[in-house]
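Q: The structure under discussion is supplied below as structure tokens; questions concerning it will follow.
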There are 2 protein chains.
Amino acid sequence: MNLLLTYDVNTESPEGRRRLRKVAKKCQCYGQRVQKSVFECKVGEKEYIILENTLRKIIDPNTDSVRIYFLSETAIQKIVNIGNAQVIDYEDPLIV
Amino acid sequence: MNLLLTYDVNTESPEGRRRLRKVAKKCQCYGQRVQKSVFECKVGEKEYIILENTLRKIIDPNTDSVRIYFLSETAIQKIVNIGNAQVIDYEDPLIV
């Protein structure tokens, strides 16, 4: 399934900045960063469950927010990009 | 149509911070802010054209990025929200 994952993490404290890094690192395992706090991911059902559970554990539910949108293939093809965002084909292998 | 609008604006300069405020203000006319740089909007076709054109005029395409996703009703109903994000019914009138 195709996911769009957006997050706001409160970075006023060192712990917040740590959470932000953890969220970004975790998302990088599953997809491509298209903006600072936006990832487009392609995952299987099991991967999705792991991802969601991991994010629930990382964030502080009182101050942080993660939203996950399920995009259809049609929606993927209709994405409008204005400006400098790099669009990377997430079917390509990731170079780590 | 239901839009998800995400943006990254380079705020290193006063001009950038001005662009950021303009983008946010414009998006607020069309939908609900669900994260700092994420809006969920419901617009007609004409409104969409105006919105897209206005955003193209505001941003600096060399440093900023706006992405627009078209969400189906199914996708809207499946949104997963983790943490403190306020979910506001954007059918409700906005209080300014």
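The values are calculated or read from the model by the stated rules, or taken from the named source; none is laboratory data. Keep in mind that what you see is a predicted model, and the values were worked out from it rather than measured. Heads up, the Cβs are rebuilt from the backbone with ideal geometry, glycines too, and the neighbour counts pull from every protein chain shown. Calculation scope for accessible area: heavy atoms of the full protein, side chains included, ligands and nucleic acids excluded. Shrake-Rupley method; radii C 1.70, N 1.55, O 1.52, S 1.80 Å.
Q: If you take the C-alpha gyration tensor of segment A:15-60, multiply each eigenvalue by 5 and take the square root, what semi-axes do you get, largest first, in whole Å?
A: 18, 14, 6
Q: Heavy-atom accessible area per residue, chain A, 1.4 Å probe: how many Å²?
A: Accessible area per residue, chain A: 57 Å².
Q: Further question on the same structure: Assume the label is 7 Å from Cα along Cα to beta carbon: what separations in nm does B:Ser72 have to the matching positions in the other copies?
A: Values, ascending and in nm: 0.2.
Q: Next question. Would you mind putting A:64-71, B:60-67 in packing order, based on average other-beta-carbon counts within 10 Å, highest first?
A: Order by mean packing, descending: A:64-71, B:60-67.
Q: Given a 10 angstrom Cα cut-off, can you work out which residue in A:Ile59, A:Ile50, A:Ile79 is the most mobile in a GNM of chain A?
A: Comparing A:Ile59, A:Ile50, A:Ile79 in the GNM, the peak value goes to A:Ile79.
Q: Using a simple spin-label model with points 7 Å from Cα along the Cα→Cβ vector, what separation in nm is obtained for B:Lys78 and A:Ser72?
A: Inter-label distance under the simple model: 1.0 nm.
Q: Rounded to a whole number, what % of the accessible area of the protein assembly as shown do carbon and sulfur atoms account for, probe 1.4 Å?
A: Answer for the protein assembly as shown is 51 percent, counting heavy atoms of protein chains only.
Q: Student exercise: in chain A, how many lysine pairs 8 or more apart or on different chains have Cα atoms under 26 Å apart?
A: Lysine pairs satisfying the spacing and distance rule in chain A number 18.
Q: Could you grab the relative contact order for chain A? Cα pairs under 8 Å, six or more apart, rounded to a whole percent.
A: Values: 108 pairs, mean separation 39.0, N = 96.
RCO, chain A: 41 percent.
Q: Based solely on its DSSP helices, what 222 nm [θ] is calculated for chain A when runs of n ≥ 4 H residues each add -39,500 (n - 2.57) and the sum is averaged over all residues, nearest 500 deg cm²/dmol?
A: So the calculated ellipticity at 222 nm is -11000 deg cm²/dmol.
Q: Shortest first, in nm, what separates the label point of A:Pro61 from those of the same position in the other copies (7 Å along Cα→Cβ)?
A: Here A:Pro61 shows inter-copy label distances of 4.4 nm.
Q: Relative to the first principal axis of the alpha-carbon coordinates of chain A, what is the inclination of helix A:45-58, with its axis defined by its Cα atoms, in degrees from 0 to 90 and to the nearest 10?
A: Tilt relative to chain A: about 30 degrees.
Q: Put a label point 7 Å from Cα along the Cβ direction on B:Thr11, then list its distances to the equivalent points in the other copies in nm, shortest first.
A: B:Thr11 label point versus its equivalents elsewhere: 1.0 nm.
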